[in-house]
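Novice: Pasting a structure here, questions to come.
The values are calculated or read from the model by the stated rules, or taken from the named source; none is laboratory data. What you see is a predicted model; the values in this text were computed from it and never measured. Glycine gets a Cβ as well: all are built from the backbone with ideal geometry, and neighbour counts include every protein chain shown.
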Amino acid sequence: MLLSLVVHTYSLRYWFPATVMLGTAPAYLLSWGVWRFLSTLLPARLYHGLDDRMYCIYQSMVLFFFENYTGVEVIIYGDIPKNKENVIYLSNHQCTADWIIADMLAIRQSALGHVRYVLKDGLKWLPLYGWYFSQHGGIYVKRKPKFNEDGIKKKLVSQIQSGAPMYLVIFPEGTRYNPELKNVIAESQDYATKEGLAVLRHTLTPRMKASHIALETMRDHLEAVYDITVAYEGTLGPDRQRKPAPSMPEFLCKECPKVHIYFQRVDVKEIPSEPHFFRRWLHERFEIKDRLLGDFYEHDDNDKLCSFPGEGRRSSLGLSKTLPAVLILGGLTLPLLLTDPGRKVYWRTWVYGTLLGWLWVNVLP
């Protein structure tokens, strides 16, 4: 019985925040839908301004659970600019929690509502949010031969013309690095060898297409590229072999004690435009990441020596930045759940909103 209680308590660590984050989706999407309708005749800049504020509320709620609730220690190396900028965020990709790291940095720069993602095409099937991320400026991409270059450019140009601030998150590896998937790593290393590029051990070989299109389409709109290297402490096994990074459920179950974030800002003027030189530039950035991660994983987690070069600063996120968002979205959701008419609206939003969203993102990508 005691074992059952322990297992039940452990599962609640994940199910409670997951239920809140998913459970508030209909209320959030209904609120956004009202604003979208009312703003139809208004300038696009006004629509995007409030849309970003609403999105900031949603993402702040997410960060309440992934940072305040879990108690994870965030350690940042490098200086994050205090002022908001239009940027492309490039990072290594290890797990489903990686997109949360972009939010962690953005909220510390007061740019959380500006975050938009380049996403795998399959994520457009997420209930409700798969459609909403597209409406918020997210871009779904397919791999070759179905890679839609014109569609990406069109989406980015529309964002620029509307005056939307840009904090565009891209994971150039495309696929998550998992040390247990030896075949994926081998294929990536073979590709690097064929292309005459350095073979990487702790990341996959970055693919340049989406990053290059985004950079060149928005070059006059951008100020910098944020080059981010992320390491999750606790992913070194007793045999000193690297383990997979924590998944989102594992992260919420408080299995990640520390996140190390190495931040480098690159002025957009320093990045080459020509595709061949851009590929070399991008790969060189990942060679740096590979060395950083190699040095990081040479240390022993048990001795608490894991770190990146330089001075790491512990950066805590105050409840004042996240808890109000939980209360706002909870306050919008509870009235729907406490009455029969509200519950009907709630469940119909889940069902019909999801179906209409799937239709929208597939017919009008």
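Novice: Condition first: touching a residue at least 40 places away in the same chain (Cβ under 8 Å) and hydroxyl-bearing (Ser, Thr, Tyr). Now tell me which residues in segment 142-185 satisfy that.
Specialist: Scanning segment 142-185 gives 162, 167, 175, 177.
Novice: If I go through segment 264-287 residue by residue, how many of them are touching a helix residue (DSSP H, G or I) at 6+ places or on another chain (Cβ under 7 Å), of a type in the set (A, V, I, L, M, F, W, C) and touching a residue at least 60 places away in the same chain (Cβ under 8 Å)?
Specialist: 2
Novice: Which residues, counting only those in segment 329-358, are closer than 22 Å to residue 53 by Cβ and either of a type in the set (Ser, Thr, Tyr) or in contact with an Asp or Glu (Cβ under 8 Å, 6 or more places away or on another chain) (or both)?
Specialist: Restricting attention to segment 329-358, the residues satisfying the condition of being closer than 22 Å to residue 53 by Cβ are 329-336, 349, 353, 357.
Residues satisfying the conditions are 333, 349.
Novice: Would you kindly identify the helices (runs of 4 or more DSSP H) lying entirely within segment 94-212 that contain at least 3 residues that are within 18 Å of the chain's Cα centre (by Cα), more than 25 Å from residue 271 (Cα to Cα) and not polar (S, T, N, Q)? Can you show your working first?
Specialist: Working: elements: 98-107, 129-135, 149-161, 182-194.
Helices (runs of 4 or more DSSP H) meeting the threshold: 98-107, 129-135.
Novice: A follow-up question, please. Right, residue 250: surrounded by fewer than 16 Cβ atoms within 10 Å (Cβ to Cβ) and either part of a helix (DSSP H, G or I) or among the aliphatic types (A, V, I, L, M) (or both) or not?
Specialist: Criteria not met by residue 250.
Novice: What's the number of the only condition in (1) under 27 Å from residue 270 (Cβ atoms); (2) surrounded by 15 or more Cβ atoms within 10 Å (Cβ to Cβ) that residue 244 fails to meet?
Specialist: (1)
Novice: Looking for whichever is of a type in the set (D, E, K, R) and at pLDDT 95 or above here; the options are 227, 220. Which one fits? Walk me through how you get there before you give the answer.
Specialist: Numbers: 220 fails: at pLDDT 95 or above.
The conditions single out 227.
Novice: Consider residue 46 against the criteria (1) touching a residue at least 60 places away in the same chain (Cβ under 8 Å); (2) surrounded by fewer than 20 Cβ atoms within 10 Å (Cβ to Cβ): it satisfies all of them except one. Which criterion is unmet?
Specialist: Only one criterion in (1) touching a residue at least 60 places away in the same chain (Cβ under 8 Å); (2) surrounded by fewer than 20 Cβ atoms within 10 Å (Cβ to Cβ) is unmet by residue 46, namely (1).
Novice: I'm trying to understand the selection: among the residues of segment 198-219, which are in contact with a helix residue (DSSP H, G or I) (Cβ under 8 Å, 6 or more places away or on another chain) and either aromatic (Phe, Trp, Tyr) or over 30 Å from residue 242 (Cα atoms) (or both)?
Specialist: Those that are in contact with a helix residue (DSSP H, G or I) (Cβ under 8 Å, 6 or more places away or on another chain) and either aromatic (Phe, Trp, Tyr) or over 30 Å from residue 242 (Cα atoms) (or both): 212, 213, 214, 215, 217, 218, 219.
Novice: Within segment 301-333, how many residues are surrounded by 14 or more Cβ atoms within 10 Å (Cβ to Cβ) and either over 30 Å from residue 289 (Cα atoms) or among the polar types (S, T, N, Q) (or both)?
Specialist: 13
Novice: Turning to a different aspect of this structure: Taking residue 79, is it surrounded by fewer than 20 Cβ atoms within 10 Å (Cβ to Cβ) and over 27 Å from residue 320 (Cα atoms)?
Specialist: No; evaluated as a whole, the condition is false for this residue.
Novice: Yes or no: residue 151 more than 30 Å from residue 239 (Cβ to Cβ), surrounded by fewer than 17 Cβ atoms within 10 Å (Cβ to Cβ) and in contact with a Lys or Arg (Cβ under 8 Å, 6 or more places away or on another chain)? I'd like the intermediate steps shown before the answer.
Specialist: Values: more than 30 Å from residue 239 (Cβ to Cβ): yes; surrounded by fewer than 17 Cβ atoms within 10 Å (Cβ to Cβ): yes; in contact with a Lys or Arg (Cβ under 8 Å, 6 or more places away or on another chain): no.
Judged against the criteria, residue 151 is not a match.
Novice: So residue 257 ticks every box in (1) surrounded by fewer than 17 Cβ atoms within 10 Å (Cβ to Cβ); (2) modelled with pLDDT of 95 or more; (3) within 29 Å of residue 64 (Cα to Cα); (4) within 22 Å of the chain's Cα centre (by Cα) but one. Which box is left unticked?
Specialist: (2)
Novice: Identify the single condition in (1) surrounded by fewer than 20 Cβ atoms within 10 Å (Cβ to Cβ); (2) more than 24 Å from residue 266 (Cβ to Cβ) that residue 219 does not satisfy, given that it satisfies every other one.
Specialist: (2)
Novice: Let me ask something else. Only one of 313, 285 is within 28 Å of residue 94 (Cβ to Cβ), within 25 Å of the chain's Cα centre (by Cα) and in a strand (DSSP E or B). Can you tell me which?
Specialist: 313
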